[in-house]
Amino acid sequence: MSEKGDFINNLGKIYGIYTGGFATFVVLLAILEQMGVPNRIIGYLFVFLTIGVYAYIGIISRTAQLSEYYVAGRRVPALYNGMATGSDWMSAASFIGMAGSLYALGYDGLAFVLGWTGGYVLVAILLAPYLRKFGQYTVPDFLGARYGGNFPRLLGVVVLITASFVYVVAQIVGVGIIASRFLGISFEIAVFVGLAGILVCSMLGGMRAVTWTQVAQYIILIIAYLIPVVMLSAKVTGVPIPQIMYGQALEKIQVLEQQLGIAKGHATAFADARGNFSWNSAVNYFALIFCLMIGTASLPHILMRYFTTPSVRDARQSVAWSLFFIFLLYFTAPAYAAFAKLEVYQNVIGQSIATLPAWVQAWGQIGLVTIKDLNTDGILQLAEFSIHPDAIVLATPEIAGLPYVIAGLVAAGGLAAALSTADGLLLAIANALSHDVYFRMINQKADTKRRLVTARVLLIGVALIAAWVASTIGGNILFLVAWAFSIAAAGLFAPLVMGVWYKRTSNAGACAGMIVGFSVTMGYLIWTEFWGPGFASFWNGLLGDGSADIVKARGRDVARLWGINNISGGIFGVPLAFLVTYVVSQFTRQPSQAMQDFIDSIRVPRGSVKLADAHAKTD
């Protein structure tokens, strides 16, 4: 049996030993904490040793084979591909931002849970098995093969790079938050420290190294996410099953919110600032779910994962396993938010400002916690305390007074989530540039070595630019991620779905749909975030209306069409993309009969994978 075959057959044993080793590592650090080792040293050990493990996997998985670099040799079993996809998917937004969003928004924050999990249903039903059967390397590869010629491929690359770049900036922001807090360095430097761990895996081994690293990262992130909330559940309710016990925490929160005079509490959905029902809130709630669902089914770095399975059947099974592994975290996120809020209300609010624990100052130094003694009475009131949603998961162990080793464990989990997604995104961008642009469109005679070198150089370049942007602008992780979903949904969902399910979709129709969907959504995102508020502020400034903050708020309201929030901009682009694609396809040259027959064949549930050659299958 080959060395590769031995590795595949022993995956359970290999990752079992890895999990046991990680558990032993955590226990040893807990012992060191009890022996008086400083917290900073424990933080350093968690961050650097876990990154070191990922780097080691990347080094031993390095490859010079093109198929291994792009699709991991298509030898990844469905179970492990599902685990890798779960890790690839559960980015800093899921690990760090989701519970924070639920903490801040209550039931309104469930839009993220419903949208992201619902999107995998669309992946399973509409795309994953059929893209695998089409037999291409990347999403732009599919577009080029399905619609013929380089123009649809180029449009796919533009959308892929735009969405993936915004997404990867969000991951690097997450890495920067974790590294700056637990390594005691500035955020601007921390993003580049985390970048080193990202590059070692993706640069050397491509999809092969990233896949096996992401399996390891999933194990760490899910352990790190579950342990603190299990401990909190046992502490508050006496039962260590937070997923079914956090109702008790919600009941206590509701009583405390009534005592604090909060109108819009955790149990109020679709409400305005006063707690009254708002149609605008309801519309935006479902618009966000729509964009997140469609975006999930359009993200190139996720769809790439289903090119790595040995067969079409494994691609279907991978989606099911992905949903299971994602479910473990998403089912726990509401419990995390509930127990975290209860700890803040009970252990922080109403305490003496002078005697607040050290974590308040530590998180305040990186701008994620703000304390203001507005009443000058020395007692912290709710209105005087502000914690950024991105800090909730990472800070909760310290807020609850858990051992510092648990805080370090959560930091390692958040780092694993951010690094795994950043690896997949950077690889998707670099592969699109090196394979779809350089090889397919510029130099089709490039040999394997030149193509791999090109991919790695581009990977480093894109990573450095993304790190610079993250260090410069920072930003809310969930906000940036939601932008990426709207962009991917508007630019890619229509040509992907219609390319599989409507065989008469033409080259011109697909290209027109991509252009219109992408342009409308990007225009709305940019207008509502930058130009619209600036335009309204200019006129309000001429009229002398209000302060700068009021003018800015008015500007955003003026810029929004029908009250749709900025992050849900894909609600306009997606329907237009479908409409334009269909209408233009009716009046332009149809695909060849060979291509239409091929599309019919890939929708057959059984059968082998077939390669579609754009030049042979289209006129």
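Derivation of every value follows stated rules applied to the coordinates shown; laboratory data play no part. Keep in mind the model is a prediction, meaning the values are calculated, not measured. Positions of Cβ are backbone-derived with ideal geometry, glycine not excepted, and every protein chain shown enters the neighbour counts.
Descriptive notes on the structure:
- Amide H contacts for ILE379 (H built 1.01 Å from N in the peptide plane; partners 5 or more residues away or on another chain; cut-off under 5 Å): ILE353.
- Just so you know, the Rg over Rh for region 108-198 is 1.13, from Cα atoms, with Rh as the Kirkwood radius.
- Per-peptide average of other Cβ atoms within 10 Å, ordering 593-604, 211-222, 430-441 highest first: 211-222, 430-441, 593-604
- Karplus (6.51, -1.76, 1.60) ³J(HN,Hα), θ = phi - 60°, over region 27-37, in Hz, Gly and Pro reported as x: 4, 4, 5, 5, 5, 4, 4, 5, 7, x, 5
- Rounded to the nearest 20 debye, the dipole magnitude of region 348-471 is 980 debye, with +1 charges on Lys and Arg beta carbons, -1 on Asp and Glu beta carbons, and the Cα centre as origin.
- Residues whose amide H lies under 5 Å from that of VAL348, counting only those 5 or more places away or on a different chain, are absent; hydrogens are built 1.01 Å from N in the peptide plane.
- Sorting the segments 145-152, 455-462 by their mean number of nearby beta carbons within 10 angstrom, highest to lowest, gives 145-152, 455-462.
- Dipole of region 88-237 computed with +1 at Lys/Arg Cβ and -1 at Asp/Glu Cβ about the Cα centre; of VAL191, GLN214, GLY148, farthest Cα towards the positive end is GLY148.
- Taking other C-beta atoms within 10 Å as the exposure proxy, SER352, SER585, SER486, SER94 rank SER352, SER585, SER94, SER486 from fewest upward.
- Peptides 354-362, 328-336 ordered by average Cβ neighbours within 10 Å, highest first: 328-336, 354-362
- Phi-derived couplings, Karplus 6.51 cos²θ - 1.76 cosθ + 1.60 at θ = phi - 60°, listed residue by residue for region 386-398: 9, 10, 5, x, 5, 9, 4, 5, 5, 8, 4, x, 6 Hz, with x used for Gly and Pro.
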